[in-house]
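The structure appears below as structure tokens.
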Amino acid sequence: ALLVLAVATALGWWLIDPSRALWVFVAVLVVSCPCALSLATPAALTVATGALAARGVLVTRGHAIEALARADRFIFDKTGTLTLGRMVLVEVMPVRDDAARALALAAALERGSEHPIARALAGGEDGAIAVNGLRAVTGAGVEGEIDGRVWRLGRAEFVASLHGTALPADLQQKLGAGDTAIALGNAEGWQAFFLLSDALRPEAAAMAANLAEAGVRLSIFSGDALAAAARVGAALGIADARGGLSPEDKHAALKALQDAGETVAMVGDGVNDAPVLAQAQVSIAMGGGADLARANADVVLLGNDLRALPEGLALARRTVRIVKQNLVWAFAYNFFAIPLAMAGWVTPWMAGIGMSASS
């Protein structure tokens, strides 16, 4: 557009006053400032990226700041995100075997895993129990063969699909109290249950309150039982707390929110969060989380401090306002300066000063 205007101006002045045509043409080219338009966004984003990093929020992808500013829904994983991720074994409830044997089997099945639940169960002396064909089922648990028999450790539904036995009635009420419940079983039925507890991050409540004050809707998507997710939701004032979700369930639920027109920021830390982190408009991973979660994230919380989230949201929104302010100034300058140069009222040296000042 600028080149067309400059050539048209040169032709016009060639007909009016050929002696001024070249200088007016040069003045139009110089006084215009497309560089102000091109600087408006990256300059602000670069400064904002540095300011966020100083607050422990590492931006890894270019679109993250603008997407974060638009986010109107924050979805949190529970274990390791809203909680400390340091699971503590509260109780072992054997069904067929004794507690020590059940814990040893669980430790053997979880051998080598870095999941918080695996670390909590690692205290059991596995006695060098040999496990063959060990495999992890994301969001469900682990399966392996011990002494020619297939064993499963994980969510109750995952273990129940191996033997088809309903959960004992006397255990249902206890397992629904809010602690994380892990089942152990084989083809013969339930073998044991493990109750684990995980403390909330001390800053989680303040973070949730600050985000709510900023007009953001909050949700919890957890693979743990609904009772465990609901208990954390109640402590943080998050009404939409969903539990018992597989990675596929989380992905589908997040997609449904996006289809309803919401801009979603997903906060997670585990391998099972990778699909939803990839689906969200802006994904945020805990710095101490799994490598796969960090690799799929647009933003990483370096210090695992959730208080950086509302600060980051406020700074992202401010950055977008500044970008718009920059663009308005750049358009306004060009809108007024170019017609003055076309009219022959701006000399080339004046145009140079104006262009530099605009940038």
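The values are calculated or read from the model by the stated rules, or taken from the named source; none is laboratory data. This is a predicted model, so every value here is computed, not measured. A quick note on method: Cβ atoms are made from the backbone with ideal geometry, for glycine too, and the neighbour counts reach across all protein chains shown. The protein model used for the area step is the full one, side chains on, heavy atoms only, and it has no ligands, DNA or RNA in it. Shrake-Rupley method; radii C 1.70, N 1.55, O 1.52, S 1.80 Å.
Skip the ligands, DNA and RNA, and give the accessible area per residue of the range 150-279 with a 1.4 Å probe, whole Å². Don't skip to the end; give the middle numbers.
Values: 5010 Å² over 130 residues.
Using a 1.4 Å probe on heavy atoms only, each residue of the range 150-279 averages 39 Å².
How would the range 213-263 be classified by its alpha-carbon gyration tensor: rounded, prolate or oblate, with rounded meaning a/c under 1.5 and the a/b versus b/c comparison settling the rest?
Details: a/c = 3.41, a/b = 1.09, b/c = 3.13.
It is oblate, given that a/c is not under 1.5 and a/b is not larger than b/c.
The residue among T79, A122, T60 whose Cα reaches farthest toward the positive pole of the charge dipole of the range 60-173, with charges on the beta-carbon of Lys, Arg, Asp and Glu, is T60.
Keeping every protein chain present and rolling a 1.4 Å probe, give me the accessible area per residue for the range 12-142 in Å². The partial results should precede the final answer.
On the way: 6420 Å² over 131 residues.
With the other protein chains kept in place, the range 12-142 gives 49 Å² per residue.
Stretch A199-E213 to full length: gain in nm at 0.36 nm per residue minus the Cα-Cα span? Don't skip to the answer; put the middle values down first.
Numbers: separation 14, 0.36 × 14 = 5.04 nm, distance 2.43 nm.
Here the answer is 2.6 nm.
In units of the rule-of-thumb radius 2.2 N^0.38 Å, the chain shows an alpha carbon radius of gyration of 1.44.
Placing dummy labels 7 Å off each Cα toward the beta-carbon, the span from A235 to A122 is 2.3 nm.
In this structure the amide hydrogen of E91, modeled in the peptide plane, comes within under 5 Å of the amide hydrogens of L195, none closer than 5 places in sequence on its chain.
Once fully extended, how much extra length lies between C35 and E114, figured as 0.36 nm per residue of separation less the alpha-carbon to alpha-carbon distance?
Details: separation 79, 0.36 × 79 = 28.44 nm, distance 5.00 nm.
Length gained, C35 through E114: 23.4 nm.
The distance from the alpha carbon centre of the range 284-350 to that of the range 70-149 is 44 Å, rounded to a whole number. Candidates V328, V31, A212 compared by Cα position along the dipole of the chain: farthest toward the positive end lies V31, with charges placed on Cβ. Tell me the relative contact order for the range 178-283 as a rounded percent, counting alpha carbon contacts under 8 Å between residues six or more apart. The value is 19 percent.
Starting from the Cα gyration tensor of the range 226-293, take the square roots of the eigenvalues, sort them a ≥ b ≥ c, and report rounded, prolate or oblate (rounded when a/c is under 1.5, otherwise prolate if a/b is larger than b/c, else oblate). Here the range 226-293 falls in the oblate category.
Applying 1/(1 + (r/R0)^6) with r as the Cβ-Cβ distance of A278 and V4 and R0 = 56 angstrom yields a FRET efficiency of 0.85. Based on DSSP H runs of at least 4 residues, each adding -39500 (n - 2.57), what is the mean residue ellipticity at 222 nm of the chain after dividing by all its residues, to the nearest 500 deg cm²/dmol? The per-residue figure over the chain is -15500 deg cm²/dmol. Loop-resident trypsin sites (Lys or Arg not before Pro) (DSSP state other than H, G, I, E or B) in the range 74-109 with no more than 15 further Cβ atoms inside 10 Å of their Cβ: R86, R96. In plain terms, the chain from L302 to W14 could stretch by 97.4 nm, reckoned as 0.36 nm per residue minus the Cα-Cα distance. Expressed as a whole percent, the accessible surface of the chain that belongs to carbon and sulfur atoms is 61, based on a 1.4 Å probe. Legend: calculated FRET efficiency, T165 to R321, from the Cβ-Cβ distance at R0 = 51 Å, rounded to 0.05, equals 0.30. The calculated FRET efficiency for T347 paired with A295, based on their beta-carbon distance and R0 = 45 Å, is about 0.20.
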